[in-house]
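K.L.:
My questions all concern the structure below.
The values are calculated or read from the model by the stated rules, or taken from the named source; none is laboratory data. Values in this document were obtained by computation on a predicted structure and should not be read as measured data. As a convention, Cβ positions derive from the backbone with ideal geometry for all residues, glycine included, and neighbour counts pool all protein chains shown.
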Amino acid sequence: MAIILSKHVALLLVSLSYVLSFNLSSNKYRYVIIKSPSTRCVSSPINLQATSTSSTERSTAGSKPKQIKPTARYVAISALAKASDGSFATRELEQSSHYQSLDPRDKAFARLLVATVERRLGQIDIILKSCISKYPPKKGKHSNIIQATLRVGVSQLVFLDTKPFAAIKETVQVLRIHRPKVPEPMIKFVNGVLRNLSRPPKEDTDEVMLGQKLVKERTSSQDNIAPWLLKQWQKDWGVEKTKLIFDEMIPSDDSLVNSRIDLSTIYSLGNINGNSDHKDKLQSLLADLGDDCTLLPQGSIRVGSSLKGDVKLWPGYENGVWWVQDASSTLPALVLTSALYDKHKDDISDLHVVDMCSAPGGKTSQLLSAGYRQVSAIEANPRRSRRLAENLERLGMLDKCEVVVEEGQNWKPSDAVHGILVDVPCSATGTGSRRPDVLRRTDNLAELLSIQETLANHCADNILNVGGIMVYATCSIIKEESEDQIHKLVERGNVETLPIQPHEVPGFENAIDDNGWLRVLPGVLEGELQSTDGFFVARLTRK
């Protein structure tokens with residue numbers, strides 16, 4: 001295993017007072033935080049303490065305030081408050097030590113609260129604007145926590161059908177234990193808003209609470225997606241397919257939300273290629289995971305509802321035989337490996353392949369499990385490269401992989417490259433069912449489009465051998481980032497399309513377009529694969 005940092009990345013890390021260090025002899029790695037004179041502490045962990053302390057307790061030297069155990073609602077609201085700066089709330093949730101301390105049931109509830117707010121954010125804010133004269137709250141010390149609390153309260157009352165008493169009391173209690181302390185008038189204001197939404201309007205006799213009336217009369221599911229994105233999909237795919245995409249990502253009924261989990265395994269590729277030993281082991285793993293788990297046509301396992309709790313406790317996790325990866329995300333590595341098998345008469349043991357923009361490592365793991373001589377994983381982001389290394393170590397693959405921390409457009413290989421997978425940075429709009437926040441992004445794609453074009457041109461011109469195979473992929477369902485980029489790349493004359501064949505992508509045959517490229521749209525395929533991320537894959541060969 002080799003970890004390589006470019007000169008530029010090393011300088012950047014030092015300037016940020018972070019050093020990424022690797023112990024090559026033991027394959028261990030760590031981040032070391034170094035304090036410098038210019039470093040200031042800008043925040044500290046939230047202190048969960050009792051809201052009141054007697055004068056006797058305050059005056060007792062060495063006495064410790066009573067500690068309050070964080071609840072699922074507290075953890076969810078804290079994650080949403082932190083994510084108000086544009087970060088991903090689910091990631092904030094997973095990184096919280098309080099979340100990790102919850103029992104499995106409370107973890108699931110915290111995730112449900114965050115997911116519901118993220119998915120219904122447009123509608124939730126319309127409801128709040130309808131009953132609060134100044135919303136969102138004016139920016140201040142407590143504005144983020146107030147807004148997050150209101151949103152979680154509405155999500156329970158309107159979309160999750162939580163009993164009003166629990167939804168209001170337990171949600172407002174979060175403000176009472178929050179630090180820094182929230183003023184009592186603000187707490188009473190939030191309590192009053194949620195209580196009003198939980199009651200029928202005075203003039204009504206049908207006993208339907210105000211929140212439910214507002215969501216039906218003043219909102220629609222389309223309020224949760226940026227208008228420009230909806231128009232773009234209609235332009236690219238037509239009204240009918242756009243409706244299928246939208247209904248899959250944001251169904252009108254929250255009970256229809258599909259919280260799928262797909263697993264890739266070290267046996268999946270062998271199963272597709274007819275390896276009987278891998279086929280038997282895959283079936284054995286499937287049985288261990290549960291009777292309601294499903295083997296998808298291209299080799300992924302879709303987890304059934306009976307398999308719950310911490311994934312680290314699931315069968316096969318400790319042995320490193322599977323990793324979480326959406327079914328459509330497996331397609332780029334499948335079609336790259338298939339083409340190299342055909343070109344080199346089923347012997348890829350002497351080939352060098354590259355996974356560009358490789359974190360968190362699902363596609364890298366697929367390539368490593370295929371049996372190539374060398375796999376180079378290029379990742380520009382030091383934090384994401386650390387996650388990549390951690391994932392590969394769990395799978396027992398880290399010592400087989402060259403991990404390079406460098407901007408992809410600056411990297412050049414030291415020896416011949418026979419295949420390269422370029423999963424470029426993109427809008428990620430195909431992942432909207434799992435990451436609803438991407439559906440509210442701005443329409444400014446200029447920087448992403450430039451990076452995509454630069455990376456694709458660099459890989460085709462400076463990395464790939466003549467006759468080598470290049471796979472370009474995005475998890476975007478916007479043509480400008482996908483099909484349009486490949487048209488420009490082919491027109492330059494260095495590469496030509498190597499059409500994807502139906503037998504190479506079992507279950508996704510109907511997603512192959514007239515160009516021989518693969519275009520997966522959520523909600524459009526039939527059967528189990530109707531529910532999958534949107535993806536684009538084009539396979540090219542260097543002239």
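K.L.:
Would a scan of the stretch 299-311 turn up a residue that is in a strand (DSSP E or B) and modelled with pLDDT of 95 or more?
P.N.:
The initial filter retains those residues of the stretch 299-311 that are in a strand (DSSP E or B), namely 301-302.
Now narrow it down to the ones that are modelled with pLDDT of 95 or more: 301-302.
So far as the stretch 299-311 goes, yes, one or more of its residues are in a strand (DSSP E or B) and modelled with pLDDT of 95 or more.
K.L.:
While we're on this one: Given the residues Asp247, Asp277, Asp291, which is the only one that is surrounded by fewer than 17 Cβ atoms within 10 Å (Cβ to Cβ), charged (D, E, K, R) and not in a helix (DSSP H, G or I)?
P.N.:
Numbers: Asp247 fails: not in a helix (DSSP H, G or I); Asp277 fails: not in a helix (DSSP H, G or I).
Going through Asp247, Asp277, Asp291 in turn, just one is surrounded by fewer than 17 Cβ atoms within 10 Å (Cβ to Cβ), charged (D, E, K, R) and not in a helix (DSSP H, G or I): Asp291.
Let's see how each residue does on (1) out of contact with any Asp or Glu (no Cβ under 8 Å at 6 or more places or on another chain); (2) at pLDDT 95 or above:
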| position | (1), (2) |
| --- | --- |
| Ala446 | yes, yes |
| Ala460 | yes, yes |
| Asn465 | yes, no |
| Met470 | yes, yes |
| Lys479 | no, yes |
| Ile486 | yes, yes |
| Val490 | no, yes |
| Glu509 | yes, yes |
| Trp517 | no, yes |
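K.L.:
Can you say whether Thr442 is among the polar types (S, T, N, Q), surrounded by fewer than 23 Cβ atoms within 10 Å (Cβ to Cβ), farther than 16 Å from Lys488 by Cβ and out of contact with any Lys or Arg (no Cβ under 9 Å at 6 or more places or on another chain), as far as the supplied structure shows? Working first, answer last.
P.N.:
Details: among the polar types (S, T, N, Q): yes; surrounded by fewer than 23 Cβ atoms within 10 Å (Cβ to Cβ): yes; farther than 16 Å from Lys488 by Cβ: yes; out of contact with any Lys or Arg (no Cβ under 9 Å at 6 or more places or on another chain): yes.
So Thr442 fits the description; yes.
K.L.:
If only one of Asp125, Asp106 is more than 28 Å from Ala226 (Cα to Cα), of a type outside the set (A, V, I, L, M, F, W, C) and assigned to a helix (DSSP H, G or I), which one is it?
P.N.:
Asp106
K.L.:
Ok, one more. Out of all the residues in the stretch 130-137, is one or more touching a residue at least 60 places away in the same chain (Cβ under 8 Å) and within 19 Å of Thr162 (Cβ to Cβ)?
P.N.:
Yes, the conditions are met somewhere in the stretch 130-137.
K.L.:
Now, a different point. Would you be able to tell me the number of residues in the stretch 412-438 that are of a type in the set (A, V, I, L, M, F, W, C), closer than 22 Å to Glu481 by Cβ and modelled with pLDDT of 95 or more?
P.N.:
Of the residues in that region, 6 qualify.
K.L.:
Which residue is nearest to the chain's Cα centre (by Cα), if the candidates are limited to the stretch 501-526 and must be under 24 Å from Leu449 (Cα atoms) and buried (at least 16 other Cβ atoms within 10 Å of the Cβ)?
P.N.:
Pro522
K.L.:
Now a separate question. I'd like the full set of residues that are in contact with a Ser or Thr (Cβ under 7 Å, 6 or more places away or on another chain), part of a loop (DSSP other than H, G, I, E, B) and among the charged types (D, E, K, R), limited to the stretch 337-358.
P.N.:
Residues satisfying the conditions do not exist here.
K.L.:
If you go through the stretch 250-274 one residue at a time, how many are under 24 Å from the mean Cα position of the chain (by Cα), of a type in the set (S, T, N, Q) and assigned to a loop (DSSP other than H, G, I, E, B)?
P.N.:
Going through the stretch 250-274 one residue at a time, the tally reaches 3.
K.L.:
If you don't mind, another one. Among what's in the stretch 145-179 and is of a type in the set (S, T, N, Q) and either assigned to a loop (DSSP other than H, G, I, E, B) or in contact with a Gly (Cβ under 8 Å, 6 or more places away or on another chain) (or both), pick the residue that is nearest to Thr116 (Cα to Cα). Full working, then the answer.
P.N.:
Restricting attention to the stretch 145-179, the residues satisfying the condition of being of a type in the set (S, T, N, Q) are 147, 149, 155-156, 162, 171, 173.
Cutting the leftovers down to either assigned to a loop (DSSP other than H, G, I, E, B) or in contact with a Gly (Cβ under 8 Å, 6 or more places away or on another chain) (or both) gives us 162, 171.
Working: Thr162: 13, Thr171: 15 Å.
Checked the stretch 145-179; the qualifying residue nearest to Thr116 (Cα to Cα) is Thr162.
Matching residues to (1) part of a helix (DSSP H, G or I); (2) over 20 Å from Thr474 (Cα atoms):
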position	(1), (2)
Pro315	no, yes
Ser329	yes, no
Val335	yes, no
Pro360	no, no
Gln366	yes, no
